[in-house]
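Heads up, the thing below is written out as structure tokens.
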Amino acid sequence: MRWAISTLTVCAALLAAPANAQQPSGAIQVQELGAVDPFQIGSRNVLPSNIWSSSDADALRVILDTLPASSSQGWRHAGAARLAERVLLASGEPPRGGRDDFALAALRADRALAAGRVEQVYQLLERTPRLNQSSALSRLHAETAFALGETGPACNTAESLLRGRDEPYWLRARAVCLALAGNMPAAELTADLARSSEGGGNFGAYFDALVLDRGLPSANPVSTGLELAIAMTLAPEERISVAEGAPAWLKRAAARTGPAITLPEFLDEALEAAMALEGADRAAALAAIAQQDIDRLIAAEALAARFDDAVSEGRFAEVARAYAMEIETIPINEQTLVHGPRFILALALEGELERAWRWREALLSGPERDRPLQEMNGNQDAQTPGAPGMLAPPPASPSYPEDDPWEPPAPAIMVALDMAIGIAADDIGSGPFGAILAARAEGARPERLAQLAGLAALGASVPETVRVQLLSAGADDGAAGREADFASMATLSLVNNSRAETLLLAAGLIETSNGSAQAYTLASYLLERAGHRAEALQLILEALAEESA
């Protein structure tokens, strides 16, 4: 049977819904909105409420200065960037000496933009109070809003700014807003005031095209959020190109542009059409097919293709976590078990351990509905571990007809999957997990050695050969000066019980070392001592997923 849908129009598929700002615990307090500090607003609610207040404002400023800026190409190490993003989007009382420090709040938002997604930072700044008192905070809000096509909020910010209104950026922004509102004389006058200043990039070419109703100046790729907003207005159905040296976040925002994709009516043909697409169009189309409820087998194929692309992009952990819940309604059979290893990794990343274990059992022993009748009538409960996600000896292999035996994946793949489930369950101290680590330690590559080193720092039983390899690697490579600086600063922050500082420095330590085993050892140790064992396990699990996917 061919399932059909009337129309499948694909929009951007990787937008994350904004989380509510973290609320202070204890008795309900009433205070004026103007008294709320920017640090008390966040997009994530996963870290303690004293995440910022346990740090000193001056020390935090120094640390934030060392992290990649929003004007850069971003982070090299995806796991370190995700850790930094979780911290930078957290909410809590402001740092000591940092209340109403708008420059520090802007530095936090800038680093969050470099580490994560533009949508998250835009939502953070949308809820941040008193933006109009800070040109720096307002500019970040306007730039992210312009880049996402949210010209209304961006223009409201440009108009309501109290300080710095005559800065060249704001003159350019108000000129665009006036032009979009149809007030061309005022727009051109305001733009003329900005033309004599430096740092305008391609603004002149884009603004002239806007007011003169010309086409897109394709010879001048966009380099700012403001230019991207003009480009989207000039060519709403075109994919907008971005300058090669543009910030990483702007490139990801520009990938959202282009015409809406209308896929064929029948799902099998829609999947074929999606597979023929490229880039952001392919990602959005595959995500839309993976999320439909008409045919979950076709959804499984689309999700598997999306995961394939994420692996080639070095973004498996990020994408897998975003779509892990789609696996819940995918049937477990021979067709879908082909993609079982990556589905299990995605479920482990999202903490869905019971379902991850069900897929793991089917991957090892075969899908239940395909088993022979005598096997189905056996004592299946004896093959299920006592607690989901906890490691146990593998079940006995079922007896299949000789002409159709079930072949599980290679032992190395099963070891990696069991390791992922064990890390997600924090079962790293058990005997079975020790055996898994011993198997993983054989011929460990540098990235795998880093995972083992991090687990050792968290108390896992790692073979002695790993310690020898770590010592040898340290003797050969040494520690770069900047990496050593991060290590010493992180240790001092730990001693001072400064949560945000310790977390950010752990991320910076891994980033500067590009994920070395020594960095994972120290970062994991520091995070656990600071009370963030779960974050250390997440770092290692994400590294394992990226390597094994």
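The values are calculated or read from the model by the stated rules, or taken from the named source; none is laboratory data. Quick caveat, the model's predicted, so the values are computed rather than measured. Note that we place each Cβ from the backbone using ideal geometry, even for glycine, and neighbour counts take in every protein chain shown. What goes into the accessible areas is simple: the full protein's heavy atoms, side chains included, and nothing from ligands, DNA or RNA. Shrake-Rupley method; radii C 1.70, N 1.55, O 1.52, S 1.80 Å.
Sorted largest first, the spans of the alpha carbon positions of the range 222-274 along the three principal axes are 40, 22, 12 Å. For residue 445 and residue 328, the difference between the fully extended length at 0.36 nm per residue and the C-alpha to C-alpha distance is 38.8 nm.
A DSSP coil position with no more than 13 other Cβ atoms inside 10 Å describes none of the trypsin sites (Lys or Arg not before Pro) in the range 308-354. Our compactness index for the range 105-258, the C-alpha radius of gyration over the empirical 2.2 N^0.38 Å, is 0.96. Loop-located chymotrypsin sites (Phe, Trp or Tyr not before Pro) in the range 149-237 (DSSP state other than H, G, I, E, B) with a sparse environment of at most 13 neighbouring Cβ atoms within 10 Å are absent. With the convex hull drawn around the C-alpha atoms of the range 64-108, the volume per residue stands at 83 Å³.
Equivalent-ellipsoid semi-axes (√(5λ), Cα gyration tensor) for the range 222-318, whole Å, largest first?
On the way: eigenvalues 158, 55, 16 Å².
Semi-axes, largest first: 28, 17, 9 Å.
When the GluC sites (Glu not before Pro) in the range 243-308 are filtered for DSSP coil states and for at most 16 other beta-carbon atoms within 10 Å of their beta-carbon, the remaining sites are 244, 265, 278.
Just the Kirkwood number for the range 47-147, please: inverse of mean 1/r across all distinct Cα pairs, in Å, one decimal.
On the way: mean 1/r = 0.0732 Å⁻¹.
That comes to 13.7 Å for the range 47-147.
Judged by the mean number of other Cβ atoms found within 10 Å, the most tightly packed of the peptides 360-366, 215-221 leads the ranking 360-366, 215-221.
Tell me, in nm to one decimal, what length is gained between residue 275 and residue 160 on full extension, where the rule is 0.36 nm per residue of separation less the Cα-Cα distance?
Working: separation 115, 0.36 × 115 = 41.40 nm, distance 4.60 nm.
Additional length available on full extension: 36.8 nm.
Residues in the range 238-350 average 39 Å² of solvent-accessible surface per residue, probe 1.4 Å, ligands and nucleic acids excluded. What separates the Cα centres of the range 264-286 and the range 166-236 is a distance of 35 Å. Taking the accessible area of the range 166-245, probe 1.4 Å, and keeping the other protein chains in place, the carbon and sulfur fraction comes to 51%. Amide H to amide H distances under 5 Å link residue 257 with 240, where only residues 5 or more positions off or on other chains count and H is placed in the peptide plane. Computed log10 I(q)/I(0) for the range 144-233 at 0.19, 0.21, 0.24 Å⁻¹: -0.81, -1.01, -1.36, from the Debye equation with unit scatterers placed on every C-alpha and solvent omitted.
For the range 137-197, compute the orientation-averaged projected area of the C-alpha convex hull (one quarter of its surface), in nm².
Working: hull surface 15.3 nm².
Computing the convex hull of the Cα atoms and averaging its projections yields 3.8 nm².
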